[in-house]
C-alpha cells in the first residue's frame, strides 16, 4: 500500500506506526487511495490526538 503514495515511504510508515500526525498531503492521498473522505481522516486524527 505504501507504494500507492507519492510521499516518502518513511512518512507513511511513521504515520502507520502512530509516531506522527497526518500531514495534509498524506490525508489527501489516503482519501484518494482508500476512498475515505479527507474529513473522516481529519476526524480520526483529532480523536486520536485527544486520547
Filtering region 24-44 down to residues that are in a loop (DSSP other than H, G, I, E, B) and loosely packed, with under 13 Cβ neighbours inside 10 Å, which residue is modelled with the highest pLDDT?
37
Where the second residue is assigned to a helix (DSSP H, G or I) and at pLDDT 70 or above and the first is on the phi > 0 side of the Ramachandran plot and exposed (fewer than 13 other Cβ atoms within 10 Å of the Cβ) and lies in region 2-21, which pairs have Cβ atoms under 9 Å and are six or more apart or on separate chains?
18/48
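The values are calculated or read from the model by the stated rules, or taken from the named source; none is laboratory data. This one's a predicted model, so the numbers in the text were calculated from it and none came from an experiment. Reconstructed Cβ throughout: ideal geometry from the backbone, glycine too, with neighbour counts over all protein chains shown.
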